[in-house]
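Read the structure below first, then the notes.
The values are calculated or read from the model by the stated rules, or taken from the named source; none is laboratory data. This is a predicted model, so every value here is computed, not measured. With ideal geometry, Cβ positions are generated from the backbone for all residues, glycine too; neighbour counts draw on all protein chains shown. Ligands, DNA and RNA are stripped out before the accessible areas are found, and what is left, the full protein with its side chains, is counted by its heavy atoms. Shrake-Rupley method; radii C 1.70, N 1.55, O 1.52, S 1.80 Å.
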Number of protein chains: 2
Amino acid sequence: MLMPQRQTSMREAILDAAEELFSKNGFRAVSMREIAQASGANLGSISYHFGSKDGLLRAIYERHSGPMNRRRSELLTEAQRIRDPDDRLEAIVRAFILPSLSQSEGSVGGGARFARLRAVVMAERHEEAQKIIAETFNPINLAFIDALQACLPQLPRADIVWRTHFLLGAVSYTLINPWRVTRLSGGEADGENTEEALTQIVRAAVAAFRAPAGSDAAP
Amino acid sequence: MLMPQRQTSMREAILDAAEELFSKNGFRAVSMREIAQASGANLGSISYHFGSKDGLLRAIYERHSGPMNRRRSELLTEAQRIRDPDDRLEAIVRAFILPSLSQSEGSVGGGARFARLRAVVMAERHEEAQKIIAETFNPINLAFIDALQACLPQLPRADIVWRTHFLLGAVSYTLINPWRVTRLSGGEADGENTEEALTQIVRAAVAAFRAPAGSDAAP
DNA sequence: CTAGCATTTGTACGACTGTCCAAATGAGGC
DNA sequence: GCCTCATTTGGACAGTCGTACAAATGCTAG
């Protein structure tokens with residue numbers, strides 16, 4: 001009687017299938033009929049549960065963004081406890097991207113799958129998606145920027161924002177095209193290897209954040 | 001009689017309109033009728049000139065990739081003449097991304113518009129587009145990787161590939177979402193300012209490339 | 001067992017898609 | 001002036017899209 005959000009298994013199946021297909025092929029390219037077939041649900045059921053295709057997308061975001069951002073907050077506060085600024089910087093960078101890259105997230109699906117979905121959908125410039133993303137991720141991103149600023153007090157805030165932006169871009173690009181690294185390196189590097197990607201991106205990002213500010217030149 | 005590719009102004013108009021729309025909204029989201037209307041052409045004319053929607057996309061790539069890659073090659077060989085490895089590294093990075101970011105390219109449209117198109121279309125995982133991109137840009141990218149390797153002989157090639165990949169990701173992300181930097185910084189940084197983006201990304205990338213290799217840890 | 005309600009089903013709708021084609025148009029060589 | 005061929009036009013085509021809805025179904029409380 002008063003259990004408003006009882007989770008039918010069909011609802012979950014639809015969410016799973018949609019998430020998988022969206023993350024692989026993008027939002028616009030996937031039809032509701034594909035989702036219906038992949039999830040074993042009837043076409044009408046999707047409309048019944050989620051109202052519209054946009055509603056389905058929003059439900060996917062709502063399922064993940066809560067736990068993911070909670071995890072990032074935890075890791076951030078944990079990282080901020082580190083005294084040495086150098087170690088702290090690395091820990092913050094790691095906390096920033098680990099929940100996106102890690103394969104198995106606490107609650108439901110994989111964090112990597114959801115992150116790839118975000119990257120792909122964001123690139124499609126879908127208006128609804130952009131709104132959801134901004135609402136959901138801007139606050140936590142600002143918290144990370146503040147934490148980075150504390151590690152690098154001499155750096156203008158604009159520089160930190162730029163470099164954070166580049167970090168997000170590197171993560172997105174890696175999630176969208178993992179095979180690109182593998183091909184360009186002739187197999188020497190493995191773009192699909194999550195741990196390798198994490199190690200590489202953290203090292204590069206930390207070095208980038210430690211670069212001098214943009215006011216004056218070298219020697 | 002034997003002038004196979006006479007350039008009617010209509011053909012150019014269609015290419016211009018399509019490029020503008022694709023770069024703004026992506027490939028799948030733009031219909032041929034939109035392109036027809038925006039260019040003042042008839043729907044049938046597009047099929048007549050380019051055969052199909054994929055053919056139109058391929059024509060856009062063919063119009064730009066030649067001049068762009070020629071420019072990149074020139075800048076690369078120019079940069080490789082620099083003796084000092086530190087200065088050379090920065091020049092190579094600049095040569096790598098400048099033709100993508102610079103507003104006015106030699107031949108036809110803006111280089112930034114085409115680069116944004118590449119980034120958006122690539123994110124859509126359109127098969128034809130991925131094929132074209134790989135064919136066209138892999139060789140020159142490998143040349144850049146070789147040049148970077150020469151500046152950083154102590155670094156494993158896999159690390160260089162990873163960091164080049166991150167650099168491409170940062171550029172893509174900036175082209176797709178220029179406003180994101182502006183918003184996150186509260187207006188302090190300007191994502192749409194090409195020169196600012198170039199300066200910031202070069203400084204960050206150079207520092208990232210100079211980071212130590214991944215075999216052993218710090219203190 | 002039955003009434004009531006949440007869910008699932010099947011289908012239909014109008015709008016939009018990329019592609020194709022016959023007819024109309026127009027400009028340049030003879 | 002006419003013939004030729006590239007280009008443009010307008011419309012038709014088969015297909016897919018997201019959405020809506022009445023009817024069928026199944027589960028659960030009483």
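Given the DSSP H assignment, sum -39500 (n - 2.57) over each helix run of at least 4 residues in chain A and divide by its residue total; what's the result at 222 nm in deg cm²/dmol, nearest 500? Could the numbers behind the result be given before it?
On the way: 10 runs with 159 residues, N = 219.
The per-residue figure over chain A is -24000 deg cm²/dmol.
So what's the net charge close to residue B:38: Lys and Arg +1, Asp and Glu -1, counting the other residues with Cβ under 15 Å from its Cβ?
Once all neighbours under 15 Å are counted, the net charge is 0.
How big is chain B by Rg and Dmax over its Cα atoms, in Å?
Cα only, chain B: 19.4, 75 Å (Rg, Dmax).
Would you mind checking region B:21-64 for residues with the amide N under 14 Å from a putative spin-label position 7 Å along Cα→C-beta of residue B:127?
Counting only backbone N, you get B:54.
In whole percent, what relative contact order does region A:63-212 give with Cα contacts below 8 Å and a gap of six or more residues?
Working: 127 pairs, mean separation 37.1, N = 150.
Once normalised by length, the contact order is 25 percent.
Partner chain Cβ atoms within 10 Å, averaged over the residues of A:24-35 - can you pull that number for me? Write down the numbers at each step before the final one.
Numbers: counts 1, 3, 7, 3, 6, 7, 0, 0, 0, 0, 0, 0.
For peptide A:24-35, the averaged partner shielding equals 2.
Tell me, what does the Kirkwood hydrodynamic radius of the protein assembly as shown come to in angstroms if you use every pair of distinct C-alpha atoms?
Working: mean 1/r = 0.0433 Å⁻¹.
Averaging 1/r across every pair of different Cα atoms and inverting gives 23.1 Å.
Shortest first and in nm to one decimal, what separations exist between residue B:81 and its copies in the other chains, measuring from label points 7 Å along the Cα-to-beta-carbon line?
List, nearest first: 5.8 nm.
So, in nm, how far is label residue A:83 from label residue B:193 when the simple model puts each one 7 Å beyond its Cα toward the Cβ?
Taking the simple label geometry, residue A:83 and residue B:193 are separated by 4.0 nm.
With a 1.4 Å probe, what is the total accessible area buried between chains B and A, in Å² rounded to the nearest 100? Working shown, then result.
Numbers: alone 12480 and 12450 Å², together 19910 Å².
Buried: approximately 5000 Å² between A and B.
Quick one: how many Å² of residue B:10 are accessible to a 1.4 Å probe, rounded to 10?
60 Å²
Would you mind estimating how fast region B:18-82 diffuses translationally, via Stokes-Einstein at 4 °C and 1.567 mPa s with the Kirkwood radius over Cα pairs, in µm²/s? Don't skip to the answer; put the middle values down first.
Values: Rh = 13.5 Å.
Taking Rh from Cα pairs, D becomes 96 µm²/s.
Work out Dmax and Rg for region A:165-219 from the C-alpha atoms and quote the Rg first, both in angstrom.
Spelled out, the Cα radius of gyration and Dmax of region A:165-219 are 13.9, 40 Å.
Taking a label point 7 Å out from Cα toward Cβ, give me the nm distances from residue A:138 to the same spot in the other copies, shortest first, one decimal.
Sorted ascending, the copy-to-copy spacings read 4.1 nm.
Among rounded, prolate and oblate, which fits region A:126-178 when a ≥ b ≥ c are the square roots of the eigenvalues of its C-alpha gyration tensor, a/c under 1.5 means rounded, and a/b larger than b/c means prolate?
Values: a/c = 2.77, a/b = 1.50, b/c = 1.84.
Oblate, because a/c is 1.5 or more while a/b does not exceed b/c.
Take the alpha carbon atoms of region B:63-80, find their center, do the same for region B:25-59, and report the distance between the two centers in whole angstrom.
28 Å
List the pairs from A:24/B:53; A:53/B:24; A:131/B:53 whose alpha-carbon separation is above 27 Å, in the order I gave them. Working shown, then result.
On the way: A:24/B:53 22 Å; A:53/B:24 22 Å; A:131/B:53 30 Å.
From A:24/B:53; A:53/B:24; A:131/B:53, over 27 Å: A:131/B:53.
May I ask you to rank B:162, A:179 by accessible area, largest first, using a 1.4 Å probe over the protein chains only? Before the final figure, lay out the partial values.
Values: B:162 0, A:179 70 Å².
Ranked list, largest accessible area first: A:179, B:162.
Give the carbon-plus-sulfur fraction of the accessible surface of the protein assembly as shown in %, rounded to a whole number; probe 1.4 Å, heavy atoms of protein chains only. Don't jump to the answer; show the numbers that get you there.
Numbers: 10080 of 19910 Å².
Heavy-atom surface of the protein assembly as shown belonging to carbon and sulfur, 1.4 Å probe: 51 percent.
Put the label 7 Å from Cα along Cα→Cβ for residue B:34; what are its distances to the other copies, in nanometres, shortest first?
In nanometres, ordered from closest: 1.8.
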